[in-house]
Amino acid sequence: MADVYNDVLEAVLQLVADAQSFAVPVIGPLPPDEGVSLVWASTAYSSFFDKKAAVSLALTLNGKSADQHEVASALNAVHTSLSMRKAYPASRNYQITNIETISVPVMIGREENAQWLYGSSLRVKFYLKGP
């Protein structure tokens, strides 16, 4: 059961990849140059409905590019796509029920190499199916 959180993260990573053509997303807090990254946020474990099986966790979605418009557009496309989906991934260990925006993409800063860093947050709700 311990890998279920990684499995959910991988499923959302694929949804992020499908939602934009800017860059192949990676797992981690900081994206590479001209890239997008996704990682679980440092937030409290939150449960809903069935306290043992229904989980709500936050994800940080970041992007970096020399072109501010390009990175902002890519992250906005991801947020729009994920929040408007009618169906979400499932496996024998989990069922994602919803993904919603916590914070829209905003400019965090500009690095010395002229890469603009944008950050945003998503909330993922899912059920643990367990054995």
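What do you reckon, is Ala72 out of contact with any Gly (no Cβ under 9 Å at 6 or more places or on another chain) and open to solvent by less than 60 Å² (accessible area, probe 1.4 Å)? Explain how you work it out, then say what you get.
Values: out of contact with any Gly (no Cβ under 9 Å at 6 or more places or on another chain): no; open to solvent by less than 60 Å² (accessible area, probe 1.4 Å): yes.
Here the answer is no, as Ala72 does not meet what is asked.
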- Here the qualifying pairs (Cβ atoms under 6 Å; residues six or more apart or on different chains; first in segment 71-85 and more than 11 Å from Val36 (Cα to Cα); second at pLDDT below 95) come out as Ala77/Gln20
- Find the residue count for segment 103-122, including only residues that are at pLDDT 95 or above and either farther than 20 Å from Ala74 by Cβ or touching a Lys or Arg at 6+ places or on another chain (Cβ under 6 Å) (or both). 3
- Message: Any residue at all in segment 48-66 that's at pLDDT 95 or above, loosely packed, with under 13 Cβ neighbours inside 10 Å, closer than 22 Å to Ile96 by Cβ and of a type in the set (Val, Ile, Thr)?
- Response: no
- Given Ser103, Ser121, Ser65, Ser37, which one is more than 15 Å from the chain's Cα centre (by Cα) and among the hydroxyl-bearing types (Ser, Thr, Tyr)? Ser65
- Item | Answer residue from segment 1-27, given it is within 18 Å of Ser91 (Cβ to Cβ) and not hydrophobic (A, V, I, L, M, F, W, C) and is surrounded by the fewest Cβ atoms within 10 Å (Cβ to Cβ) among those | Asp3
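The values are calculated or read from the model by the stated rules, or taken from the named source; none is laboratory data. If you're wondering where the values come from, they're calculated on a predicted model, not measured in any experiment. Cβ sites come from the backbone with ideal geometry, for glycine too, and all protein chains shown count toward neighbours. The accessibility values were calculated without ligands, DNA or RNA, using every heavy atom of the protein model including side chains. Shrake-Rupley method; radii C 1.70, N 1.55, O 1.52, S 1.80 Å.
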